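Presented below is the structure to which this report refers.
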Number of protein chains: 2
Amino acid sequence: MSIQTPIPVRDVSFRGLRQSCSNCSLRELCLPVGLNQDELRQLDTIISQGRPIKRGEALYRAGEPFRSLYAVRLGFFKASVISEDGREQVTGFHMTGELLGMDAISTDFHTCDAIALEDSEVCELPFGDIETLARDVPALQHHLYKVMSREIVRDHGVMLLLGNMKAEERLAAFLLNLSQRFAVRGYSAMSFHLRMTREEIGSYLGLKLETVSRTLSKFQDQGYIKVQNRLIELVDVDSLKRLLNSCQG
Amino acid sequence: MSIQTPIPVRDVSFRGLRQSCSNCSLRELCLPVGLNQDELRQLDTIISQGRPIKRGEALYRAGEPFRSLYAVRLGFFKASVISEDGREQVTGFHMTGELLGMDAISTDFHTCDAIALEDSEVCELPFGDIETLARDVPALQHHLYKVMSREIVRDHGVMLLLGNMKAEERLAAFLLNLSQRFAVRGYSAMSFHLRMTREEIGSYLGLKLETVSRTLSKFQDQGYIKVQNRLIELVDVDSLKRLLNSCQG
DNA sequence: GATTTTAGTTGATCTAGATCAAGTTGTGGC
DNA sequence: GCCACAACTTGATCTAGATCAACTAAAATC
């Protein structure tokens, strides 16, 4: 199972990229599959130009009124909920092409924080407008349902991970998932830079930062990976996968 | 925080109940708020009669092709995903008025099993038809987005629970959540029958059945609850809530 | 209504991962 | 380029919850 379903970029939410309209032509960046020229033009009028978010800044925070969904155009985000007593639970890491903010539709307020882990850029998609357009464009309507459904499936995968797996299995699943998602976006599957701290990984995986650190070291000792600070190289992917398959939790 | 957001029944998915059309008049049972007479009539034509599911039977199973969402009309379900190596993770318990199957929109196949934990009855909502109708009925379209969003928020709550909380906190959250949801449906908030085994509770909460049993006994010893097999009586709700608020995980 | 089966409790022990602690490395700010 | 602070590693110890085990109680089944 994969904790963050690896999906071809074209399916993630919106795809493509062209430098025409300023920096964020929805026409190509945020293009749901199967729209015709006219429908695309309509979409373009709705979607705002790219908005840059500096590393460390919040795209939105829990409690803020909901207006728009955001498509990550470039960069890397973490989403997290904070419990009343201040504990943070990272609910996901989001990269190019993924959609943020769907949790907020429920109450018209954001229920989690979205923080940029590197300098990033998003497309703002005003939800009211999107919803209206979706009525005229069945493909868009269906696409939105699909993207939300996929988020639910992903969350179930995380529950399975948190509820059933041991530390090594969690880390292996996490690394393999990241690897796949980078690969899909044209980056190396075998070597990548972690944008998040050990503590954030731990929060996502239900582990303490020391356990994350130790487990990474263990993987390195066993020759599964090489770790240099936040640079990860996957050396023996099969062994990592075996860790996952043979997990008898 | 609540692991399974307590929501007034009218918001859960569809509401109302009348004995007119056989046993499952959508007109009242599965009525999204804010539809007019004509829209209701349209809905009625789409939705199938109530379908009974016996205790222990599956409403659907992972891998089956997706056709419809299901509104629980009566009864109690568990939803669970099974990992490749056979581990079960219960992803939720669902009662009257809640919607099942939204995870399947993503791939057009169900990704989890839905098993009745008592004799139950559901309304089948063919998704294609619902989607088509939603184009003409903005309130219905928006309602569907909301329901799916709410599921995402609920899942984030479970992640927080699984990632951060200790056994006692998880159990307290679980009992309080059940209590609220029963209350909303007109049943007693202080005393209710658990439809699931200790093992199923444990699977949902990321605990072993022995730990669930022990923790319930502990709560009873401390005078928080009374346990008689599957009958739970909440004696000291405040203490249970305090357990949750003061959790310093 | 007796019997088999399944669900639940409780105790003893073990262990994965948390916690505490000390040191190292890396990074952003001036 | 130096300083201060944040991120990371590694070791020693502790503990919540898992595991193993034995027993009891409640349902199904015949």
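Within the span defined as the range A:4-12, every residue fails to be crowded, with 17+ Cβ neighbours inside 10 Å, part of a loop (DSSP other than H, G, I, E, B) and at pLDDT 55 or above. Every condition in (1) within 14 Å of chain A (Cβ to nearest Cβ); (2) over 21 Å from B:Ala114 (Cα atoms); (3) within 13 Å of DNA strand C (Cβ to nearest atom) is met by B:Glu210 except one, and the failing one is (1).
Within 16 Å of DNA strand D (Cβ to nearest atom) and buried (at least 21 other Cβ atoms within 10 Å of the Cβ): is that true of B:Leu162 in this structure?
Details: within 16 Å of DNA strand D (Cβ to nearest atom): yes; buried (at least 21 other Cβ atoms within 10 Å of the Cβ): yes.
When the stated conditions are applied, B:Leu162 passes them.
Scanning the range B:213-239 for residues that are more than 8 Å from DNA strand C (Cβ to nearest atom), closer than 29 Å to B:Ala114 by Cβ and among the aliphatic types (A, V, I, L, M) yields B:Ile225, B:Leu231, B:Ile232, B:Leu234.
Just checking, which of A:Arg170, A:Arg198 is touching a Ser or Thr at 6+ places or on another chain (Cβ under 6 Å) and surrounded by 15 or more Cβ atoms within 10 Å (Cβ to Cβ)?
Being touching a Ser or Thr at 6+ places or on another chain (Cβ under 6 Å) and surrounded by 15 or more Cβ atoms within 10 Å (Cβ to Cβ) holds for just one of A:Arg170, A:Arg198, which is A:Arg198.
Just the residues that are surrounded by 15 or more Cβ atoms within 10 Å (Cβ to Cβ) and either more than 18 Å from B:Gly92 (Cα to Cα) or among the aromatic types (Phe, Trp, Tyr) (or both), please, taken from the range B:201-210. Give the steps one after another, and end with the answer.
Filtering the range B:201-210 down to residues surrounded by 15 or more Cβ atoms within 10 Å (Cβ to Cβ) leaves B:201-207.
Selection gives B:Tyr204 alone.
Regarding A:Thr91, is this residue hydroxyl-bearing (Ser, Thr, Tyr) and buried (at least 23 other Cβ atoms within 10 Å of the Cβ)? Criteria met by A:Thr91. Checked against the criterion of being within 14 Å of chain B (Cβ to nearest Cβ), under 24 Å from A:Gly97 (Cα atoms) and more than 15 Å from DNA strand C (Cβ to nearest atom), the candidates A:Arg242, A:Arg185, A:Arg154, A:Arg181 yield just one match: A:Arg154. A:His193 falls short on exactly one of the conditions (1) farther than 30 Å from B:Thr211 by Cα; (2) away from DNA strand C (no atom under 14 Å from the Cβ), and that condition is (2). Would you check if A:Glu88 is modelled with pLDDT under 90, within 9 Å of chain B (Cβ to nearest Cβ) and either within 25 Å of B:Gly157 (Cβ to Cβ) or within 20 Å of the chain's Cα centre (by Cα) (or both)? Spelling it out, it is not the case that A:Glu88 is modelled with pLDDT under 90, within 9 Å of chain B (Cβ to nearest Cβ) and either within 25 Å of B:Gly157 (Cβ to Cβ) or within 20 Å of the chain's Cα centre (by Cα) (or both).
Cβ-Cβ distances below 7 Å connect the following pairs, each with a first residue in the range A:206-220 that is aliphatic (A, V, I, L, M), a second residue that is within 6 Å of DNA strand D (Cβ to nearest atom), and a separation of six or more residues or different chains: A:Leu209/A:Arg198; A:Leu209/A:Glu199; A:Val212/A:Arg198; A:Leu216/A:Val227. Taking the condition touching a strand residue (DSSP E or B) at 6+ places or on another chain (Cβ under 8 Å), within 15 Å of DNA strand D (Cβ to nearest atom), touching a residue at least 40 places away in the same chain (Cβ under 8 Å) and away from chain A (no Cβ under 14 Å), does B:Met196 pass? In short, yes. Please determine whether any residue of the range A:68-79 is at pLDDT below 90 and either out of contact with any strand residue (DSSP E or B) (no Cβ under 7 Å at 6 or more places or on another chain) or small (Gly, Ala, Ser) (or both). Among the residues of the range A:68-79, not one is at pLDDT below 90 and either out of contact with any strand residue (DSSP E or B) (no Cβ under 7 Å at 6 or more places or on another chain) or small (Gly, Ala, Ser) (or both), which makes the answer no.
For the range A:128-145, the candidate set comprises residues that are touching a residue at least 24 places away in the same chain (Cβ under 8 Å) and touching a helix residue (DSSP H, G or I) at 6+ places or on another chain (Cβ under 7 Å); within that set, the residue that is nearest to A:Gln37 (Cα to Cα) is A:Val137.
For the condition closer than 30 Å to A:Leu244 by Cβ, within 13 Å of chain A (Cβ to nearest Cβ) and either in contact with a Gly (Cβ under 6 Å, 6 or more places away or on another chain) or modelled with pLDDT of 95 or more (or both), what is the one hit in B:Ile105, B:Ile82, B:Ile115?
Exactly one of B:Ile105, B:Ile82, B:Ile115 is closer than 30 Å to A:Leu244 by Cβ, within 13 Å of chain A (Cβ to nearest Cβ) and either in contact with a Gly (Cβ under 6 Å, 6 or more places away or on another chain) or modelled with pLDDT of 95 or more (or both), namely B:Ile105.
Results for (1) hydrophobic (A, V, I, L, M, F, W, C); (2) closer than 30 Å to B:Ala167 by Cα; (3) away from DNA strand D (no atom under 16 Å from the Cβ), shown as yes or no for each residue.
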{"position": "A:Cys112", "(1), (2), (3)": "yes, yes, yes"}
{"position": "A:Cys123", "(1), (2), (3)": "yes, no, yes"}
{"position": "A:Ala167", "(1), (2), (3)": "yes, yes, no"}
{"position": "A:Ala189", "(1), (2), (3)": "yes, no, yes"}
{"position": "A:Leu205", "(1), (2), (3)": "yes, yes, no"}
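Only one entry of B:Leu43, B:Leu35, B:Leu69 meets the criterion of being touching a residue at least 12 places away in the same chain (Cβ under 8 Å) and in a strand (DSSP E or B), and that entry is B:Leu69.
Every condition in (1) in contact with a strand residue (DSSP E or B) (Cβ under 9 Å, 6 or more places away or on another chain); (2) more than 14 Å from DNA strand D (Cβ to nearest atom); (3) among the hydroxyl-bearing types (Ser, Thr, Tyr) holds for A:Thr132 except the one numbered (1).
The values are calculated or read from the model by the stated rules, or taken from the named source; none is laboratory data. Here the structure is a predicted model, which is why all the values come from computation and not from measurement. Here the Cβ is made from the backbone with ideal geometry for all residues, glycine too, and neighbour counts use every protein chain on show.
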